[in-house]
1. Give me the angle, in degrees from 0 to 90, between the Cα long axis of helix 441-455 and the longest principal axis of the Cα atoms of the chain, rounded to the nearest 10.
2. Relative to the first principal axis of the alpha-carbon coordinates of the chain, what is the inclination of helix 86-101, with its axis defined by its Cα atoms, in degrees from 0 to 90 and to the nearest 10?
3. Considering the dipole of the chain built from charges on the beta carbon (Lys and Arg +1, Asp and Glu -1) around the Cα centre, which of Q113, G411, H353 is farthest to its positive end?
4. Taking θ as phi - 60°, what are the ³J(HN,Hα) couplings along region 270-280 by the Karplus curve (6.51, -1.76, 1.60), each to the nearest whole Hz, with x for Gly and Pro?
5. Taking 1 over the mean of 1/r across every pair of different Cα atoms in the chain, what Kirkwood radius in Å do you get?
6. Give me D265, D325 sorted ascending by neighbouring Cβ count inside 10 Å, so fewest comes first.
7. Give the dimensionless ratio obtained when the Cα radius of gyration of region 44-130 is divided by 2.2 N^0.38 Å.
8. Which Cα, out of A528, A93, Q462, lies furthest along the positive dipole direction of the chain (beta carbon charges, K/R +1, D/E -1)?
Amino acid sequence: MTITSNLPLSELDGRNLYYTFVAGARKVIAHQIELNKINVFPVNDGDTGTNLASTIRSVIESLHPHRSYKITADRIAEATLMNARGNSGIIFAQFFYGLSSETADCNTVNLKQFAESLQKSVKYVYEAVANPVEGTMLTVIKEWADYIYESWHKYTDFDQLLLGSYDVLKKSLSETKTKLKILAKANVVDAGAKGFVLFVEGIIEYIHTRNFKELIQSKAESVALPKTEELLSENVTFRYCTEAILKNTSISQHDMMVMLEKYGDSAVVAGSDKMRRIHVHTNNPADLFYNLKDFGTITFQKADDMIRQSESVFKRKFKIALVTDSTCDLEEEIIDNYQIHMLPINISFGDNHYLDKITIRPDQFYEMLKDSPDYPRSSQINEKSFINLYSHLASHYDSIIAVNLSDKLSGTFHTSQKAAQIVSREFDKPITVINSKGISGSVGLIVLRIAEAIEKGFSHDQIIALAEKWVSDTKLYVTVLTVKYLVRGGRLSIAKGLIARLLHVSPIISLDETGKAIVFDKTFNRKANMERIMNHIRLQTEKKPIWNYIVMHANNPEAAEWYKTRMESLTGKKPASVVDISPIIGANAGTGASAVAFMKE
């Protein structure tokens, strides 16, 4: 039986399941802004609609229907788990994982089989949540599934069954307001619960009309980016909304849940040992993932800064938002003071993936660099991450300025620029992406100079006009203890590396005027190397004084202190920051490297 038929739908096959999912997804996507506005639980971060839409859009974009109900159910479960976002998205994905797990290997299901698998899937949802709270999406799913299970025998087809369940859905959703004080205070229903009700509503509307042509047309339509967020102010207890996918885990769901709860709250663990999707709000994502690496392969991570998101809505200091990536080396106090938004570069050790400076700290990185048999690799930030951030900021700021690492070192700049153009057109607000032609402390100085200009009230256009000069006036020099890591990273050939080691050559790494990494100079020992760098800095600043500088090191505080003392003597100024060098440089320069970045007046 096909979904285009107007005959009673007494069985569902794989195509039926797929197109009903698309219909439900379309309804949620169309109402995502409304769901964002009423999002107050578990954290008032205004992204429930966006997260649900992102979770379900993956099925629309990546799957094609299969005739088998079981195969399609399995594919939907896998796609939603792989792409789930946020607390509500992971719960939604776990619901479909339960549905697929409790479905027999069959091409079609009748009303009874559907009702039984639906009722059994509820336990999967509750088991996935560390502390199940009634009056949320959980309750609505449970009460709806209970009705379907208890009443399926009263109906002859899916159209009648789902229509009959609608009153239960509406009643359950309405009662979320009375079951949770925070919802009653805000006078809203639970956003995740409403998202699930909208999903079922979309299915009901489609099965009732079975307008296949309209559904296919809407499937291909692009959805406008959310433009408004109306939230109720609330303090954020844990900073990072953290998610990950772990494959082939060696720890049970219960034990993983216990581990997550030690690091924060809102813990959710979905999926199976083969592939688990986790979610937790925490202040220590790096420590969490450093421990998790021993229990499975970490193939995906996400960590949204909920404090910075909240500041954008309620406590923004400026009209211009400032964005950078994690290769920017600045002290955390400066980043927080100027409310700078930072997206992390992706770092991998073998099959394990991390988010630079968020789910892996520099000290952990250098420990793994020393001990791991796998050489670390970096990958650029994807376009979707930039679009999500720029869309959020465009909802609250007059304009956005982003500063990214050199386009000669990564595709991040071009990806950021492409995303900025998309969001700028959608929101009709200026978004400018600056190619720093640098990395690490040189990016940090450019970001700091722009942050101070924003604080002083400079306009967007004034800052952009000055930025080119600031970029050209910024230099970075890195002293390297060993060429081993340059060889491993492919920056130096094995033959040249062998010669350098035999001759005890210590290179000085810098970037040319285009932002390309070069061996700027070389000496025969570390002390001579550092003295040579100071001579270069002194010569370059004889006619033009230094505006500010940053000292960086890779587990080498003694070298950092040496540079700090010499630079203070030269400039009469204390450094803007003394920080662990960006792991992206550290991967090539290696443990013990040290560096100075400076910007001329």
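Every number in this text was worked out from the coordinates using simple rules, so none of it is lab data. These figures come from a predicted structure and were not determined experimentally. Note that each Cβ is placed from the backbone with ideal geometry, even for glycine, and that neighbours are counted across all protein chains shown.
1. With rounding to tens, the tilt is 70 degrees.
2. The helix 86-101 is inclined about 50 degrees to the chain.
3. G411
4. So the Karplus estimates, Gly and Pro as x, are 10, x, 10, 4, 5, 8, 10, 10, 10, 8, 7 Hz.
5. Working: mean 1/r = 0.0384 Å⁻¹.
Every distinct Cα pair counted, the radius reaches 26.1 Å.
6. Values: D265 15, D325 29.
Taking fewest neighbouring Cβ atoms as first place, the list is D265, D325.
7. Taking N as the residue count of region 44-130, the ratio is 1.11.
8. Highest projection toward the positive end goes to A528.
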